[in-house]
Amino acid sequence: MNKQIHELSVIELLRGLEDKHFSVVDIVSHYLDRLNRFNPILNVYLSTNENALAQAKQADEEIKKNGFIKPLIGIPIAVKDNFLTCGLPTTASSLVLEEYYPQYESTVTRRLLDAGAIILGKTNMDAWAHGSSTESSQYGPTLNPWDIGRLPGGSSGGSAAAIAARLAPVAIGSETSGSIRQPAAWCGVTGFKPSYGRVSRYGVIAMASSTDSPGPIARTVEDAALITSVIAGIDKYDATTSPREVEPYHQLLKRKDLKGIKIALVKDYLLPSMRTEVKTLIQNAAKHLESLGAKIEEISLLDPKYSIGVYTVIQRSEVSSNLARYDGIRFGHGRESFGDEAKRRIMLGTYTLSTGYYDAYYKKAVAVRSKIIEEFENTFKQFDAYIGAVSPGPAQKLGATQNESMFGEMADVLVNPSSIAGLTSAGVPCGFVDGLPIGLQITGNQFEEAKILDIANLYQQTTDFVKFPKYD
Amino acid sequence: MAKITITIDDVAKIGVLANLPVSESEKKLFAGQFSKTIDVIGEFNEIDTSGITPTSQVNHLENVTRPDEIDPDRVLTQAEALSGAKNVHQGFFVVKQILEKDSE
């Protein structure tokens, strides 16, 4: 094999292990070495797993004994720091949870560990997942591997940067609205948001419980599909998980063309304020999908500006309720340790739920949400998917969030509607503007994971936008 | 809807409801920021929602229940439950005093 270990996808690593090109210890030591060299520059990981090498040795033993029964045996993985992990500190990038060690394991990490994966470390994020920059982390921002003067996006910024700088073969993020797709777009990697309820939220530090959706950030759609097939499925600890059967998504990536597929290009998502170069990349993507056999039609949806209000109210209301539990009595530090952004969100949510304002804000927001859902239901009667940009522009500069109390909502204007409605969506690289990556969203109806991954995979296989900045 | 302004007093009141310490400078800062946010949110009033059923749960699951039995898999031992607390006493969490000693 000519490629170095960090240049290989998860699927390639598994193949390499089967062919005995290297051992799990080789893989994990290679990544630990890269972490030592590049994490001090990029601030991707908040903590690393001290037992990773010992676990790698165990995995090698297990392979010798049992072969490749477990689907992710020996695969190192980066996990966003809002997933509870026994034995590894979990801070959600907040000082409230500084030095907090969880009492139980999240379902997502439990399933990854059961599948044989090895956690390399926990990645930086916006504190409590409140933001789209990773700048609200109380442990300093992660820097964008493409330009260290820029933000990686967020809230799963550390996980996206880990993939871009190749400090992990695959990572786990979580999305409330855009928090997987937007950092993936800004870092030029692949992010996949499963439908709400497809992946368990048990043990994920809650942000907005009615939209929180864990999912993978990866090198390729194929890797994202494999990880999703491992983490998805009903969980008795999360009553909102769907009883629908999980499909082996990575084995269903079979399309060689898009004949019979109808895709909508949403006109309203080509915002007037957006740079022409970004619009051109999205239109080029539409043309490319058309050349693969898809039927493309321009459609109009509700102006995404309305979903900013809906999302802001729903999210802050749910945040105020979810973060009420952090009192410093049973675990963690007291409420004085919350940063500005968390305080703002808790307080605004307290306001929108308070007597006299509940009807005007929360009730109105969940009613408009129904309108947005209804519109999507009609759209998906005619179309298999819709496309648009993930983010209006490329990664912004460090400091861009200063004095911008709605930075996140504005950065995520094009992904808010799909999150509010609990849809599934893939974010894939679709080109560069000023040398910075731009992401395309391919969004489908709830529980259409297999179809969306298939379309996104074919798009990725037939284009050449997956690039990595040099960290050697 | 008329333009809504969040005042410094409003922020102070919300701070109490949210159980968050808010400094004087934060009160001023947040009052301005909250007014702006409320302004942006208000755009959704342009949408007619009369007769619309609100949605708080998006994947159509209803009445998900489990047997009313103790599931040992999700129960923490006392030691585990207390392991993150800074202040414990004889196997209990120590909380702030809420009653006066002499009150009846």
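The values are calculated or read from the model by the stated rules, or taken from the named source; none is laboratory data. Worth saying up front: this structure is predicted, and the values here are computed from it rather than measured. Virtual Cβ from ideal backbone geometry, glycine too; neighbours counted across all protein chains shown.
Across the stretch A:279-315, what is the number of residues that are within 14 Å of chain B (Cβ to nearest Cβ) and over 30 Å from B:A81 (Cβ atoms)?
Count: 14.
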- Item | Test for A:A365: is it of a type outside the set (D, E, K, R), within 8 Å of chain B (Cβ to nearest Cβ) and out of contact with any helix residue (DSSP H, G or I) (no Cβ under 7 Å at 6 or more places or on another chain) | no
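Working carefully through the options A:F376, A:F407, A:F432, find the one that is modelled with pLDDT of 95 or more and closer than 23 Å to A:Y306 by Cβ.
Matching residue, one of A:F376, A:F407, A:F432: A:F376.
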- Just checking, which of A:S93, A:S106 is under 19 Å from A:Y326 (Cα atoms), within 14 Å of chain B (Cβ to nearest Cβ), out of contact with any Cys (no Cβ under 6 Å at 6 or more places or on another chain) and hydroxyl-bearing (S, T, Y)? A:S106
- Note on the structure: If we keep only residues of the stretch B:66-75 that are more than 7 Å from chain A (Cβ to nearest Cβ) and part of a helix (DSSP H, G or I), then the residue surrounded by the fewest Cβ atoms within 10 Å (Cβ to Cβ) is B:P72
- Message: Being part of a helix (DSSP H, G or I) and either without any contact (Cβ under 8 Å) to a residue 12 or more places away in the chain or more than 8 Å from chain A (Cβ to nearest Cβ) (or both) is the filter here; which residues of the stretch B:2-13 pass it?
- Response: B:I8, B:D9, B:A12, B:K13
- Item | Subset of the stretch A:1-12 (residues that are outside any helix (DSSP H, G or I) and at pLDDT 95 or above) | A:Q4, A:L8, A:S9
- Query: A:G431: within 14 Å of the chain's Cα centre (by Cα) and either away from every other protein chain (no Cβ under 13 Å) or not in a helix (DSSP H, G or I) (or both), yes or no?
  - Reply: no
- Checked A:T350, A:T355 against criteria (of a type in the set (S, T, N, Q), without any contact (Cβ under 8 Å) to a residue 60 or more places away in the chain and more than 8 Å from chain B (Cβ to nearest Cβ)); the one match is A:T355
- Message: Return the residues of the stretch B:38-65 that are more than 7 Å from every other protein chain (Cβ to nearest Cβ), of a type outside the set (S, T, Y) and either touching a Ser or Thr at 6+ places or on another chain (Cβ under 8 Å) or in a loop (DSSP other than H, G, I, E, B) (or both); say none if nothing qualifies.
- Response: B:D48, B:G51, B:H60, B:E62, B:N63
- For the stretch A:370-412, enumerate the residues that are among the polar types (S, T, N, Q), farther than 23 Å from A:K259 by Cα and either surrounded by 15 or more Cβ atoms within 10 Å (Cβ to Cβ) or in contact with a helix residue (DSSP H, G or I) (Cβ under 7 Å, 6 or more places away or on another chain) (or both). A:S370, A:S391, A:Q396, A:T401, A:S405
- Note on the structure: Sole miss for A:K381 among (1) more than 14 Å from chain B (Cβ to nearest Cβ); (2) closer than 21 Å to A:A161 by Cα is condition (2)
- Query: Within the group A:S418, A:S337, which residue is touching a residue at least 60 places away in the same chain (Cβ under 8 Å), within 13 Å of chain B (Cβ to nearest Cβ) and closer than 18 Å to A:L323 by Cβ?
  - Reply: A:S337
- Determine, yes or no, whether B:A79 is in contact (Cβ under 8 Å) with a residue 12 or more places away in the chain and of a type in the set (A, V, I, L, M). no
- Task: May I ask you to list the residues in the stretch A:205-225 that are out of contact with any Ser or Thr (no Cβ under 8 Å at 6 or more places or on another chain) and within 14 Å of A:A456 (Cα to Cα)?
- Result: A:A225
- Task: Could you please find all residues in the stretch A:182-201 being at negative phi, among the small types (G, A, S) and either within 14 Å of another protein chain (Cβ to nearest Cβ) or touching a Ser or Thr at 6+ places or on another chain (Cβ under 7 Å) (or both)?
- Result: A:A184, A:A185, A:S195, A:S200
- Of the criteria (1) surrounded by 14 or more Cβ atoms within 10 Å (Cβ to Cβ); (2) among the charged types (D, E, K, R); (3) at pLDDT 95 or above, which one A:K259 fails: (1)
- Task: Return a yes/no flag: does the stretch A:145-164 have any residue that is modelled with pLDDT of 95 or more, under 16 Å from A:I227 (Cα atoms) and assigned to a strand (DSSP E or B).
- Result: no
- Under 6 Å between Cβ atoms, at least 6 apart or on separate chains: pull out the pairs that start in the stretch A:360-383 with a residue that is among the charged types (D, E, K, R) and end on any residue that is in a helix (DSSP H, G or I) and buried (at least 23 other Cβ atoms within 10 Å of the Cβ). A:R369/A:V310; A:R369/A:I420
- Task: Taking A:Y471 as meeting all but one of (1) in contact (Cβ under 8 Å) with a residue 60 or more places away in the chain; (2) among the hydroxyl-bearing types (S, T, Y); (3) surrounded by 24 or more Cβ atoms within 10 Å (Cβ to Cβ); (4) in contact with a Lys or Arg (Cβ under 9 Å, 6 or more places away or on another chain), write down the number of the exception.
- Result: (3)
- Any residue at all in the stretch A:271-278 that is touching a residue at least 12 places away in the same chain (Cβ under 8 Å) and touching a helix residue (DSSP H, G or I) at 6+ places or on another chain (Cβ under 6 Å)? no
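Here's the yes/no breakdown for (1) at negative phi; (2) exposed (fewer than 10 other Cβ atoms within 10 Å of the Cβ); (3) within 24 Å of the chain's Cα centre (by Cα):
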{"residue": "B:V11", "(1), (2), (3)": "yes, no, yes"}
{"residue": "B:S25", "(1), (2), (3)": "yes, yes, yes"}
{"residue": "B:E43", "(1), (2), (3)": "yes, no, no"}
{"residue": "B:V58", "(1), (2), (3)": "yes, no, yes"}
{"residue": "B:L61", "(1), (2), (3)": "yes, no, no"}
{"residue": "B:A81", "(1), (2), (3)": "yes, no, yes"}
{"residue": "B:K86", "(1), (2), (3)": "yes, no, yes"}
{"residue": "B:F92", "(1), (2), (3)": "yes, no, no"}
- Would you check if B:T37 is more than 21 Å from A:S321 (Cβ to Cβ) and either of a type outside the set (A, V, I, L, M, F, W, C) or over 21 Å from the mean Cα position of the chain (by Cα) (or both)? no
- How many residues are surrounded by fewer than 24 Cβ atoms within 10 Å (Cβ to Cβ), touching a Lys or Arg at 6+ places or on another chain (Cβ under 6 Å) and not in a loop (DSSP other than H, G, I, E, B) when one looks only at the stretch A:282-332? 2
